[in-house]
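Take a look at the structure set out below.
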Amino acid sequence: DAMAAKLVRHPGRYDVVLATNMYADILSDLASELSGSLGLAGSILAGESLCAAQAQHGSAPDIAGKDRANPTSLILSAAMLLEWLGERKKLDNLVKAGRAIDGAVDKVLAKPEKRTADLGGKLGTRAFGEAVAAALGS
């Protein structure tokens, strides 16, 4: 509870939160909402030798297949996984790829017209993903 209060008071102080699964889930959801949406944070479950990427917010079966989901969390999670793999395997190309994807997402989100509906934009899942892919090449 003290960490939750500190996170609300000074969110910019924290880059990584290390906690057990239940507490980390609560704190990461709080941090995501502070940044604007549960759908904006990447998430990995990382150990010394294994790592898994997942969307921060979990699944959204009610909108599955409707081109309405915000894919930002899953895209950023994949980017984090690439960086983790690159650091462990000493493969700079994977680290660079992860950082490039992260930067492309930032470029797209900086333009209100390129955001998904949950962020006040008009793009669907596919169009947002295409915009991120296009930003990688620019």
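The values are calculated or read from the model by the stated rules, or taken from the named source; none is laboratory data. The shown structure was predicted, so the numbers you read here are calculated from the model rather than taken from an experiment. Cβ: placed from backbone, ideal geometry, glycine included. Neighbour counts: every protein chain shown. Just so you know, the surface numbers come from the protein's heavy atoms only, side chains and all, with ligands and any DNA or RNA stripped out. Shrake-Rupley method; radii C 1.70, N 1.55, O 1.52, S 1.80 Å.
The selection criterion, being part of a loop (DSSP other than H, G, I, E, B) and open to solvent by 60 Å² or more (accessible area, probe 1.4 Å), holds for residue 16. Of note, residue 46 satisfies the criterion of being touching a helix residue (DSSP H, G or I) at 6+ places or on another chain (Cβ under 7 Å) and open to solvent by 50 Å² or more (accessible area, probe 1.4 Å).
Of the numbered criteria (1) under 14 Å from the mean Cα position of the chain (by Cα); (2) farther than 27 Å from residue 12 by Cβ; (3) of a type in the set (Ser, Thr, Tyr), the one residue 125 fails is (1).
Of all residues in the stretch 81-99, those being open to solvent by less than 70 Å² (accessible area, probe 1.4 Å), out of contact with any helix residue (DSSP H, G or I) (no Cβ under 6 Å at 6 or more places or on another chain) and among the aliphatic types (A, V, I, L, M) number 1.
Output yes when any residue across the stretch 86-99 is more than 16 Å from residue 37 (Cα to Cα) and either in contact with a Cys (Cβ under 6 Å, 6 or more places away or on another chain) or in contact (Cβ under 8 Å) with a residue 40 or more places away in the chain (or both), and no when none is. Looking for residues that are more than 16 Å from residue 37 (Cα to Cα) and either in contact with a Cys (Cβ under 6 Å, 6 or more places away or on another chain) or in contact (Cβ under 8 Å) with a residue 40 or more places away in the chain (or both), one finds none in the stretch 86-99, hence no. Picking from 114, 66, which residue would you name as being in contact with a Phe, Trp or Tyr (Cβ under 9 Å, 6 or more places away or on another chain), more than 22 Å from residue 17 (Cβ to Cβ) and either open to solvent by 70 Å² or more (accessible area, probe 1.4 Å) or touching a residue at least 24 places away in the same chain (Cβ under 8 Å) (or both)? Going through 114, 66 in turn, just one is in contact with a Phe, Trp or Tyr (Cβ under 9 Å, 6 or more places away or on another chain), more than 22 Å from residue 17 (Cβ to Cβ) and either open to solvent by 70 Å² or more (accessible area, probe 1.4 Å) or touching a residue at least 24 places away in the same chain (Cβ under 8 Å) (or both): 114. Sort out which residues of the stretch 26-54 are over 16 Å from residue 109 (Cβ atoms) and hydrophobic (A, V, I, L, M, F, W, C), and write them in order of number. 26, 27, 30, 31, 44, 45, 46, 50, 51, 52, 53, listed by residue number. All of 104, 55, 134, 78 fail the test of being outside any strand (DSSP E or B), open to solvent by 40 Å² or more (accessible area, probe 1.4 Å) and closer than 24 Å to residue 12 by Cα, apart from 78.
Looking across the stretch 24-42 at every residue that is open to solvent by 60 Å² or more (accessible area, probe 1.4 Å) and touching a residue at least 12 places away in the same chain (Cβ under 8 Å), the one that is nearest to residue 102 (Cα to Cα) is identified as 35.
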